[in-house]
Amino acid sequence: GRVMSETTDDGFVLDKGFAVFIEEYPEAKKLLDYEALKLKPFLPGALVKLKSRNNLARVADPLRVPGDTLNALLAPVGSLADKIKV
């Protein structure tokens with residue numbers, strides 16, 4: 001979960017300290033009822049707030065979701081060289 005949130009001057013709420021739960025933890029398997037929790041996966045990627053834009057920029061992972069290739073290439077985050085390295 002998040003550790004804290006910060007609100008930008010233009011009203012966006014930024015969460016800090018995001019963590020992902022991994023279902024394969026042995027102790028969690030013993031203690032938690034996954035079915036009752038109704039856990040759901042989420043798509044890889046992020047929405048990024050840039051100072052130069054009013055809307056959020058979507059950063060995608062085309063290796064895991066091939067349909068996101070165009071979004072990944074056109075995202076205004078990182079250079080083309082950076083995107084190729086990832």
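The values are calculated or read from the model by the stated rules, or taken from the named source; none is laboratory data. Keep in mind that this is a model prediction, so the values were computed, not measured. Virtual Cβ from ideal backbone geometry, glycine too; neighbours counted across all protein chains shown. Just so you know, the surface numbers come from the protein's heavy atoms only, side chains and all, with ligands and any DNA or RNA stripped out. Shrake-Rupley method; radii C 1.70, N 1.55, O 1.52, S 1.80 Å.
Suppose we filter 59, 65, 86, 48 for residues that are under 30 Å from residue 24 (Cα atoms), among the aliphatic types (A, V, I, L, M) and touching a Gly at 6+ places or on another chain (Cβ under 6 Å); which single one remains?
After applying the criteria, what remains is 59.
For the subset of the stretch 26-78 comprising residues that are basic (Lys, Arg) and either farther than 26 Å from residue 10 by Cα or in a loop (DSSP other than H, G, I, E, B) (or both), which member is most open to solvent (accessible area, probe 1.4 Å)?
Looking at the filtered set, the residue picked out is 51.
Inside the stretch 6-55, can you point out the residues that are farther than 30 Å from residue 69 by Cα and of a type in the set (Ser, Thr, Tyr)?
If the condition is that a residue be farther than 30 Å from residue 69 by Cα and of a type in the set (Ser, Thr, Tyr), then 7, 25, 34 are the ones that fit.
Can you run down the residue pairs with Cβ atoms below 9 Å, 6 or more apart or on separate chains, where the first is in the stretch 58-86 and of a type in the set (Val, Ile, Thr) and the partner is open to solvent by 90 Å² or more (accessible area, probe 1.4 Å) and modelled with pLDDT of 85 or more?
Matching pairs, first to second residue: 59/47; 86/63.
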